[in-house]
Amino acid sequence: MRKFSFAQATRELRLGGHKDALALTAMAISILLLCPFLKTGYPLLEKITAAALMFPAVWWIASRYAQCWLYAPYLTTGMAKMRPSGHLPVEVDKHGQPEKEGLMLGYTVDSGKPVYVPYDDLMRHAIIVGQSGVGKTVAGSLLFMQQIERGGGAVLIDGKLNSADLLKVYQMASYFGREADVLVINPGVPSQSNTYNPILYGDPDEVAARILSLIPSTVDDAAVDYYKQAANQGLIVIVAAIKRLGLAYNFMDLSILLMNTKALEELEGRLPECDEKINLTLFLDQFRDFKGFIDTKKMKEIFGGIGGRLFTFGSGNFGEITSSYNPDIKLTEALLQKKIVYVMLPTMGKDIAAGNFGQMMVSDLRSSIAELQEIPADKKPWPPTLAFMDEAGAYVSGTWSRMFEQARSAHVMMLPAVQTLANLKAVNEELSEMVLGNTWTKIFFKVGTQATADECAELIGKEFAVTRSLSTSSGESSSAQAMSADPEQGQGSSYGINFSESEQELYRVSADDLKALSQGEAIVLFGGSEIYNIRIPMLSFDESYTCHVEHIRINRPVTPQFVKGMSLYENSEQYIDNNTE
């Protein structure tokens, strides 16, 4: 705990408001009543009145100072306060416990009070904005730990591939006896990862949407959008055909089907007479020539580079995780079972592939949200699932917008963290508007660019304030006749004071204030009206505990279930040297 002097406490206390004013006024009246020169002729009444006013006033001011010392470790040092904190979303009782279920964001710098946000408001979602290294991940860790402690489920997508952060989450889970709930997706180190196949589950439309999330938006290009819609149709009929056969599949299976006509013809031949076969045949007929052979070039024009992108996720480190026909992680089940899913994206070494994988992961989360919406309210997870997407700018896509509109009904709390608002606008302006418009709580850390600071200040808003100015003026003058020997001359002086007031619309928190925030300090905008200047405590475990939890244990199913898959890659030799174009 830092040293806290009386003068420092007075500065931190920021006396003001009607309660402080009444207390100070009562103390002043009490002192006047006890002064010897002010006598009313009723000394006993004077003393009783003075005591009646003094004791509650002193008690109130003393309690304010005591509170300042109590929360001294959480108060900011050296940073001018933006403004007094607004009305807290959740009050705490005398034992420090919140009156409503929720998560704590941090402590106010003016009073040291904890800022809790109820789950009902967290399900209206939140967003964190701030440059690298200022506390975004620390804030996420604080929320994550509370979620683990309360027995809730969580999904954390980390765009930094930091093994220390993964170990810390595992230590949190172990501390609260939940290490068996931890599931890890780590394409960078497959040996420290559970298996996960993001395209295996869901209906054909959902699977196709997940795959096409890898393709940038085409709404502004009619020609490109035509091919994307044609590819969507093809993916739907192919996935529907595979599911009709009751077979599991992976990225490599779909990649071979999209790039090899012989594999497609084999799939068509294995289907019984059914709607799925009719749809597949009709789709393939548009690529057949008069001899009945499929024109490979035409088919590749429709699917473009989708087959190649799927191959990336079906091979190498990604393939070791995604090739399973019965993966450890089934996301909807994990959410219902309140699992702790930690996703590590190797964005530095494999920027494009990692970003695409993150987009598919979020698209799978979107499908899970849709499934959770359909189940009865009493069966939905509670506490609500926390979906924290750190460094979201590396994998944000246009499919995010609907989640922020509808995830509330699935008991899912969305919490993306970005370095600048340009990360959202880079996708499109509509996404930025929908995300910002559907986040009830906005947390602003120190920002690094003037443009982002200006945008954040605009989001926080303006208010009318009275500005006052005081000016003084003075002057002296003397005069005499130049050609006269007469000693008479004139002298004069003047002095004036000017006071003025004007009402102006000013930012509630300026862009310069946002750029001057210290590390671990943030401005919270709650519900579009209340503002809190907070500090976020950094969590750490004692060495005596961490030495016992130095390694992560990957939780795998005890009795894995056998599932029959397509296994096209294992039999790939029969698809080599396919018919030429």
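Quick grid of which residues meet (1) part of a loop (DSSP other than H, G, I, E, B); (2) polar (S, T, N, Q):
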position	(1), (2)
Glu320	no, no
Ser324	yes, yes
Pro327	yes, no
Lys338	yes, no
Ile352	no, no
Gly355	no, no
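Please state which one of Met82, Met27 is over 23 Å from Met172 (Cβ atoms) and at pLDDT below 70.
One residue alone meets the criteria, Met82.
Give region 528-538 a look and list any residue that's assigned to a loop (DSSP other than H, G, I, E, B), closer than 20 Å to Gly140 by Cα and out of contact with any helix residue (DSSP H, G or I) (no Cβ under 6 Å at 6 or more places or on another chain), or say none. Passing the criteria: only Pro537. With respect to the stated conditions, Ala230 fails to be surrounded by 19 or more Cβ atoms within 10 Å (Cβ to Cβ) and in a helix (DSSP H, G or I). State whether one or more residues within region 460-479 are over 21 Å from Asp390 (Cα atoms), modelled with pLDDT of 80 or more and basic (Lys, Arg). Taking every residue of region 460-479 in turn, at least one turns out to be over 21 Å from Asp390 (Cα atoms), modelled with pLDDT of 80 or more and basic (Lys, Arg).
This table checks each residue for (1) touching a residue at least 12 places away in the same chain (Cβ under 8 Å); (2) of a type in the set (A, V, I, L, M, F, W, C); (3) on the phi > 0 side of the Ramachandran plot.
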{"site": "Pro376", "(1), (2), (3)": "no, no, no"}
{"site": "Asp390", "(1), (2), (3)": "yes, no, no"}
{"site": "Ala394", "(1), (2), (3)": "yes, yes, no"}
{"site": "Ser397", "(1), (2), (3)": "yes, no, no"}
{"site": "Phe404", "(1), (2), (3)": "yes, yes, no"}
{"site": "Ala407", "(1), (2), (3)": "yes, yes, no"}
{"site": "Val412", "(1), (2), (3)": "yes, yes, no"}
{"site": "Ala417", "(1), (2), (3)": "yes, yes, no"}
{"site": "Ala426", "(1), (2), (3)": "yes, yes, no"}
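Looking at this structure, is Glu430 at positive phi and either touching a residue at least 24 places away in the same chain (Cβ under 8 Å) or among the β-branched types (Val, Ile, Thr) (or both)? So Glu430 fails the test. Find the residue count for region 353-388, including only residues that are under 25 Å from Gly130 (Cβ atoms) and at pLDDT below 90. Residues meeting the conditions: 7. Taking the numbered list (1) of a type in the set (Ser, Thr, Tyr); (2) modelled with pLDDT of 90 or more; (3) surrounded by fewer than 16 Cβ atoms within 10 Å (Cβ to Cβ) in turn, Ser191 passes all entries but (2). Taken as a whole, the condition of being farther than 19 Å from Ala392 by Cα and either part of a helix (DSSP H, G or I) or out of contact with any strand residue (DSSP E or B) (no Cβ under 7 Å at 6 or more places or on another chain) (or both) applies to Gly112. In region 146-165, the residue that is farthest from Thr452 (Cα to Cα) out of those that are aliphatic (A, V, I, L, M) and surrounded by 21 or more Cβ atoms within 10 Å (Cβ to Cβ) is Ile148. Scanning region 282-338 for residues that are touching a Ser or Thr at 6+ places or on another chain (Cβ under 6 Å) and either surrounded by fewer than 15 Cβ atoms within 10 Å (Cβ to Cβ) or at pLDDT below 85 (or both) returns Ile294, Thr296, Gly307. If you go through region 201-222 one residue at a time, do you hit one that is within 23 Å of Tyr395 (Cα to Cα), hydroxyl-bearing (Ser, Thr, Tyr), modelled with pLDDT of 85 or more and part of a loop (DSSP other than H, G, I, E, B)? There is at least one residue in region 201-222 that is within 23 Å of Tyr395 (Cα to Cα), hydroxyl-bearing (Ser, Thr, Tyr), modelled with pLDDT of 85 or more and part of a loop (DSSP other than H, G, I, E, B). In region 379-402, the qualifying residues are those that are hydrophobic (A, V, I, L, M, F, W, C) and more than 13 Å from the chain's Cα centre (by Cα), and the one that is farthest from Ile443 (Cα to Cα) is Trp382.
The values are calculated or read from the model by the stated rules, or taken from the named source; none is laboratory data. Not measured: the values here are computed from a predicted model. Note that each Cβ is placed from the backbone with ideal geometry, even for glycine, and that neighbours are counted across all protein chains shown.
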